[in-house]
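Trainee: Please see the structure below; I have some questions.
The values are calculated or read from the model by the stated rules, or taken from the named source; none is laboratory data. What you see is a predicted model, and the numbers here were worked out from it, not measured in a lab. Here the Cβ positions follow ideal geometry from the backbone for every residue, glycine too, while neighbour counts run over all protein chains shown. The accessibility values were calculated without ligands, DNA or RNA, using every heavy atom of the protein model including side chains. Shrake-Rupley method; radii C 1.70, N 1.55, O 1.52, S 1.80 Å.
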Amino acid sequence: MSSLVTHRPYGIEHPYAVSPDQRVPVLPHVGRSTTLGIQAAPEVTAVVCEWRGRDGGAAVQSLSLEPVTASVADAAALAGGEGHLAEAQAASIGGEGAWAVESPVLDDVDGYEYRFVAATGDGRSEETPWFAVAPARWVSELPDGFTGKLAVGGDRLVEGSVEWLVTVDGVQRARFALSLGEGDHVVGFGERFDHLDQAGRRLDAVVFEQYKSQGAHGRTYLPMPFAHVIGGDGSGWGFHVRTSRRTWFDCGVADPGRLVVEVALGGSASESVEVGVYDGTPTEVLTAFLDEVGRAEELPSWVFRLWASGNEWNTQAIVTERMDSHRDLDIPVGVVVIEAWSDEEGIMLWRDATYQPRPDGSPFSLADFTFPADGAWPDPKAMVDDLHARGIKVILWQIPLLKTAASEDGLREQVLAEGEAMIRGGHAVREADGTAYLNRGWWFPKSLMPDLSTQRTRDWWTAKRHYLVRDLDVDGFKTDGGEHAWGHDLAYGDGSRGDEGNNTYAVHYARAFGDLLRKHGKAPITFSRSGFAGSQAHGVFWAGDEDSTWEAFRHSVTAGLTAASCGIVYWGWDLAGFSGPVPDAELYLRAAGASAFMPIMQYHSEFNHHEKPLRDRTPWHVADQTGDDRIVPVFREFAWLRERLVDYLTSSAATTVATDRPLMRPMFFDHPGSAEAWVHQQQWMLGADLLVSPVTSPGVSTWPVWLPEGQWVDVWTGEPVSGGRVVARDVPIDVVPVWCRADAWSSLAPVFDRVDA
């Protein structure tokens, strides 16, 4: 390894940006060139690339590299705006010491080799190893020695559309088209923030931590290679590309009659792709998909109460004070999520706790700790017991990373011992060369990552947290993160490579903590933002990091509806956003009202270094910051309404689990042939009987709502209304446009009795 020059052909393998030390594109096509980038030490004064035919063939060409300024465009776009992760995210791409040169045109399919020779002003010279690159080409017939199999159910495959991307080494990708009809709508692909209907758009499916602005960038924590196709006449079908590798979709952009699918393959001489195709109603299509990947189970009714959280709630005193304020202001709360409880080194030990280190990394019990009376958490057991006595469940934050000496100075002895034990025991995700993978992302950089693909490591990792459930009686875990695996050739213990295992890592992660809770007789309450096909069976989800803006509000509604269309049942968002200054009163109360009619209702706020004014999203703090005295009483009424909805939500969720009909259901599920369902895309049915149309724009006094055929009742007034039309509803700040099916009103009217019209 050269100490003067670094070149990684694939770079850091950020899905959407390049690093200065990589080849761009990584897989050049025949007849095109590629840019070869390196990062050089400051003392380097000259760099030459030696370029030759593969296996030493053809004459060596010398190409002189020039210093370049790495583009910050990708990094700036990825940063997502103001917030404590933005700078780290923008800086993660690097750029200092960047040099680059454009290669010759690659016209020999057998490929080429290249290396770099760096020189310094004091006469030193170093060379890198030789790197290989072979150009790729799309073919409809595979060359001799290669085999490819594409199995597509039904008759949707467009004849003659199948192509394979090949190099001399193997089959790299497959591409094919499924037929689309005029006016078809395409919905799904996991949780999508930008649009409910993806017809006329391009997108991909790769798990990625987009810090805020997911809708603007078209990226998601929770993708799935599955979608519904709904015809203009209401006919429907759907498909599932049965792969965990990255996929790309062109939903009628290049050709309105084609949905083009591109699938990453393993690069061997023999590759295959399977695509499940299902005909039927949206619910029937979803059932067929869930039969393959798994479905949600019934969770206890307490998950439907209000969840409260703030990243700066980092002491027992603060948590207790916040819950006291809920009590004193008569705002019911059912769940508190405590994020900043741990030392944030290994995310298993309470901050300020003292203990005798365990060099072997063996698990602790609560009795092994002493909690200083003047520390952050003087008595966690008493705190949990007190919260339980108030009827409040306790969720603790997690992330599947372990800090190392490479990631941070001054770490405690215990976390270093845990890292040594992880590597020694073969529990770490590995690089292709067998060394332990260190997180390449911007959050907890250079941390170790446990290989949760195997039961052995899932048990080892969660054993260190048994005491939190066994001894403290914690009720669940916020399984944050899960998007940290970057690298196509990472090695997992279940035999998969990174290109196969990176997307499914979040599924294993939630499963691990669900199993931990089950071992102690608890419901598997995990609270995740990332996932993939298969995540449906694992706990509760929220939409991830987002700003407090009206645009983010609308994008989050879309995220909930698309996630539901793919079988995610228990879903919510950080109501009114978690990042930036506190939202204004109108945004906060409109978002709170909408969230009262979503599967999960939660508020949360981002870490902001405890700077004043605080950015807590508690209703009383938002009221203090905005000076609007409507906030606490209106939020209180929404919270009490939510309490009265718990029984309805619980029974509706049970119906969803039994029938696969989504709990938070886009209108097209019940009315696929109605044009109005596609005009009013941010309406939904909550369970069988409630139609919800939240106000998602500022400064309005009336709101248009589509009521399908049938008889409805305005839940705020009890007034009956005939459907089959669009109605305009007056929307004072304490009203969310909601209608009940007339034949269910007698049972649901008591839920709304205490709400003033």
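Trainee: Arranged from highest to lowest average of other beta-carbon atoms within 10 Å per residue, in what order do the peptides 590-596, 635-641, 577-583, 62-68 appear? The partial results should precede the final answer.
Mentor: Values: 590-596: 25.9, 635-641: 20.4, 577-583: 23.1, 62-68: 13.6.
Output ranking for 590-596, 635-641, 577-583, 62-68: 590-596, 577-583, 635-641, 62-68.
Trainee: Another question about this same structure. Rounded to whole Å and sorted largest first, what semi-axes of the equivalent ellipsoid does the C-alpha gyration tensor of the stretch 154-234 yield via the square root of 5 times each eigenvalue?
Mentor: Computed over the stretch 154-234, the values are 24, 22, 9 Å.
Trainee: Collect residues whose amide H, placed 1.01 Å from N in the peptide plane, falls under 5 Å from the amide H of Asp574; neighbours closer than 5 in sequence don't count.
Mentor: Ala543, Gly544
Trainee: Can you find, among Gly361, Gly294, Gly482, the residue sitting farthest towards the positive end of the charge dipole of the chain, where Lys and Arg contribute +1 and Asp and Glu -1 at Cβ?
Mentor: Positive-end residue among those listed: Gly294.
Trainee: Then there is this: Say R0 is 22 Å: what FRET efficiency, to the nearest 0.05, do Asp328 and Asp629 get from their beta-carbon distance?
Mentor: Computed FRET efficiency for Asp328 and Asp629 comes out at 0.85.
Trainee: By per-residue mean of other Cβ atoms within 10 Å, what is the highest-first order of 214-222, 346-354?
Mentor: Numbers: 214-222: 23.1, 346-354: 19.7.
The packing order, highest mean first, is 214-222, 346-354.
Trainee: Taking all protein chains in place and a 1.4 Å probe, what share, in percent, of the accessible surface of the stretch 463-588 do carbon and sulfur account for?
Mentor: Taking all protein chains in place, the stretch 463-588 shows 47 percent carbon and sulfur surface.
Trainee: Need the full-extension length gain, Glu182 to Ser268, defined as separation in residues times 0.36 nm minus the C-alpha distance. One decimal, nm.
Mentor: Gain in length upon complete extension: 27.2 nm.
Trainee: What would the Debye formula give as log10 I(q)/I(0) at q = 0.05 Å⁻¹ for the alpha-carbon point model of the chain, no solvent?
Mentor: -0.27
Trainee: What's the FRET efficiency of Glu611 with Ala389 using the Cβ-Cβ distance as r and R₀ = 60 Å, to the nearest 0.05?
Mentor: 0.95
Trainee: Moving on. How much of the accessible area of the stretch 298-440, in percent, comes from carbon and sulfur atoms when a 1.4 Å probe is used?
Mentor: C and S fraction of accessible area: 49 percent.
Trainee: While we're on this one: Pop the C-beta distance of Thr69 and Glu43 into the FRET formula with R0 = 22 Å and round what comes out to the nearest 0.05.
Mentor: After rounding to 0.05, the efficiency reads 0.70.
Trainee: Over the chain, average the accessible area per residue using a 1.4 Å probe and give it in Å², no decimals.
Mentor: 35
Trainee: Another question about this same structure. Please report, in debye to the nearest 20, how large the charge dipole of the chain is about its Cα centre when each Lys and Arg carries +1 at its beta carbon and each Asp and Glu carries -1 there.
Mentor: Values: 63 positive and 106 negative charges, 187 e Å.
I would put it at about 900 debye.
Trainee: Only four residue types carry charge here, +1 at the Cβ of Lys and Arg and -1 at the Cβ of Asp and Glu. Report the dipole size of the stretch 131-277 about the Cα centre in Debye, rounded to the nearest 20.
Mentor: In total the dipole reaches around 440 debye.
Trainee: A follow-up question, please. Report the semi-axes of the equivalent ellipsoid for the stretch 623-757 in whole Å, largest first, where each axis is √(5λ) for an eigenvalue λ of the Cα gyration tensor.
Mentor: Sorted largest first and rounded, they come to 25, 19, 15 Å.
Trainee: Quick one: net charge around Pro28, please, counting Lys, Arg +1 and Asp, Glu -1 for every other residue with C-beta under 13 Å from its C-beta. Before the final figure, lay out each step's value.
Mentor: On the way: positive: Arg23, Arg32, Arg137; negative: Glu102, Asp107, Asp108.
That works out to 0.
Trainee: Sticking with this one: When you count, for each residue, the other Cβ atoms within 10 Å and take the mean per peptide, how do 603-612, 153-162, 734-743, 246-255 rank with the highest first?
Mentor: Ranked from most to least packed, the peptides come out as 734-743, 246-255, 603-612, 153-162.
Trainee: Please report the net charge: other residues with Cβ closer than 15 Å to the Cβ of Ala389, K and R +1, D and E -1.
Mentor: -2
Trainee: Here's something else I'd like to know. Work out from phi, with θ = phi - 60° and the Karplus expression 6.51 cos²θ - 1.76 cosθ + 1.60, the ³J(HN,Hα) of each residue of the stretch 722-734, listed in order in whole Hz, and give x for Gly and Pro.
Mentor: In residue order, the calculated couplings are 7, x, x, 6, 9, 10, 9, 10, 4, 10, x, 4, 9 Hz.
Trainee: Find the centroid of the Cα atoms in the stretch 536-566 and in the stretch 221-274, then give the distance between the two in whole Å.
Mentor: Result: 22 Å between the Cα centres.
Trainee: Quick check: net charge around Pro378, other residues with Cβ under 12 Å of its Cβ, Lys/Arg +1 and Asp/Glu -1?
Mentor: Result for the neighbourhood of Pro378: -1.
Trainee: In this model, which of Lys212/Lys403; Lys381/Lys446; Lys381/Lys464 are farther than 27 Å apart at the alpha-carbon?
Mentor: Check vs 27 Å cut-off fails for Lys381/Lys446.
Trainee: Once phi is turned into θ = phi - 60°, what whole-Hz ³J(HN,Hα) does the Karplus curve with 6.51, -1.76 and 1.60 give for every residue of the stretch 482-496, x standing for Gly and Pro?
Mentor: With coefficients 6.51, -1.76 and 1.60, one gets x, 10, 9, 8, 10, x, 5, 10, 4, 10, 10, x, 7, x, 7 Hz.
Trainee: Taking the Cα centre of each part, how many Å lie between the stretch 300-368 and the stretch 14-28?
Mentor: 41
Trainee: Moving to a separate point now. Under a point spin-label approximation (7 Å from Cα along Cα-to-Cβ), what is the Glu141-Ser701 distance to one decimal in nm?
Mentor: Output for this residue pair reads 7.3 nm.
Trainee: Also, quick follow-up: Along the positive direction of the dipole of the chain (beta-carbon charges: Lys, Arg +1; Asp, Glu -1; about the Cα centre), which of Ala564, Ser697, His466 reaches farthest?
Mentor: Toward the positive end, the furthest listed residue is His466.
Trainee: To continue, here is another question. Give me the distance in nm between label points sitting 7 Å out from Cα along the Cα-to-Cβ direction at Thr320 and Glu551, one decimal.
Mentor: Reported label-point gap for Thr320 and Glu551 is 4.4 nm.
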